[in-house]
Amino acid sequence: MPSSDSSIHLRARGLHQTYVLGVERLKVLQGVDLDVVRGEVVFLRGASGAGKSTLLYILAGLEHPKKGTVEFEGEQLFALSGDKQARLRNKRMGFVFQSYFLLPELTALENVLLPAMLGGSRSEKKARDLLDRVGLSGRLDHLPSQLSGGEQQRVAIARALVNDPGILFADEPTGNLDAATGAGIIDLLLGLARQDGRTFVAVTHDPALAALGDRQLYLDGGHLQG
């Protein structure tokens, strides 16, 4: 049933995830519960291999849990068909990953436009405005190979926002960047999220970065700790 609490943007209950590696069964998540309030900035921390990215991908519907539920904006995510999940992710979620995943044959502007086109629209003005917001108004026609790592991640951020999603997911968004460039990317992401009142859920290994959020949670032994 949909939640009666409209302030909850994302709700997970009883999430379990297990991977089979040869004869070994690796229990990554063991009954994770999580509520994320609309407009909240939440960082997920944990040791390498603790399952932070697994949890993020399940919350975003990119991976199915072995057991448990995710309710997103009042809808049971895993009760939807594959097509409906894909449309929901395209229209109502944004994603920024450690790798930029830009199409090498497309310009910065074309890469940003891609999710809008897949969703049936082509708001070139919106894409241009976003590239201006991330400081790349002079790089619209450049291919990814002509951009630095930090610039490519800025394009990826603009692409994540082109459909104006209510929630932004980020998985180690500074992992491929040097410290100074990474700090600039985080300032940009947090600024954009807070300016627009957007919910932001991100994975990081950096405690200093996690301290910038409204809340940081630590994944250990398959359990989430506040």
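The values are calculated or read from the model by the stated rules, or taken from the named source; none is laboratory data. Because the structure is a prediction, the values reported are computed rather than measured. Neighbour counts are summed over all protein chains in view; Cβ atoms, including those assigned to glycine, are modelled from backbone coordinates with ideal geometry.
Brief remarks on what is shown
- Index of the failed condition, Arg45 passing every other in (1) more than 14 Å from Tyr218 (Cβ to Cβ); (2) in a strand (DSSP E or B); (3) not β-branched (Val, Ile, Thr): (1)
- Residue within the stretch 4-27 that is among the polar types (S, T, N, Q), touching a Pro at 6+ places or on another chain (Cβ under 7 Å) and not in a loop (DSSP other than H, G, I, E, B) present: yes
- Any hit, the stretch 46-65, residues being modelled with pLDDT of 95 or more, under 15 Å from the mean Cα position of the chain (by Cα) and β-branched (Val, Ile, Thr): yes
- Scanning the stretch 77-96 for residues that are surrounded by fewer than 18 Cβ atoms within 10 Å (Cβ to Cβ) and either touching a strand residue (DSSP E or B) at 6+ places or on another chain (Cβ under 6 Å) or part of a loop (DSSP other than H, G, I, E, B) (or both) returns Leu80, Ser81.
- Flag set for Leu103, criterion: among the aliphatic types (A, V, I, L, M), on the phi < 0 side of the Ramachandran plot and in a loop (DSSP other than H, G, I, E, B).
- Within the stretch 43-63, residues that are under 16 Å from Ser81 (Cα atoms) reach partners that are part of a loop (DSSP other than H, G, I, E, B) and not β-branched (Val, Ile, Thr) with beta carbons closer than 8 Å, at six or more positions or on different chains, in the pairs Ile58/His64; Ile58/Pro65.
- Answer residue from the stretch 107-130, given it is of a type in the set (D, E, K, R) and in a helix (DSSP H, G or I) and is nearest to Asp164 (Cα to Cα) among those: Lys126
- Scanning the stretch 189-226 for residues that are more than 21 Å from Asp33 (Cα to Cα) and among the acidic types (Asp, Glu) yields Asp196, Asp206.
- Residue in the stretch 172-191 that is crowded, with 23+ Cβ neighbours inside 10 Å, touching a residue at least 40 places away in the same chain (Cβ under 8 Å) and touching a Phe, Trp or Tyr at 6+ places or on another chain (Cβ under 6 Å) present: no
Residues checked against (1) outside any strand (DSSP E or B); (2) over 27 Å from Lys91 (Cβ atoms); (3) of a type in the set (Gly, Ala, Ser); (4) touching a His at 6+ places or on another chain (Cβ under 8 Å):
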site	(1), (2), (3), (4)
Pro173	yes, no, no, no
Leu177	yes, yes, no, no
Thr181	yes, yes, no, no
Leu188	yes, no, no, no
Gly191	yes, no, yes, no
Ala208	yes, yes, yes, no
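- Sole exception among (1) touching a Lys or Arg at 6+ places or on another chain (Cβ under 6 Å); (2) surrounded by 15 or more Cβ atoms within 10 Å (Cβ to Cβ); (3) of a type in the set (S, T, N, Q) for Ser53, by number: (1)
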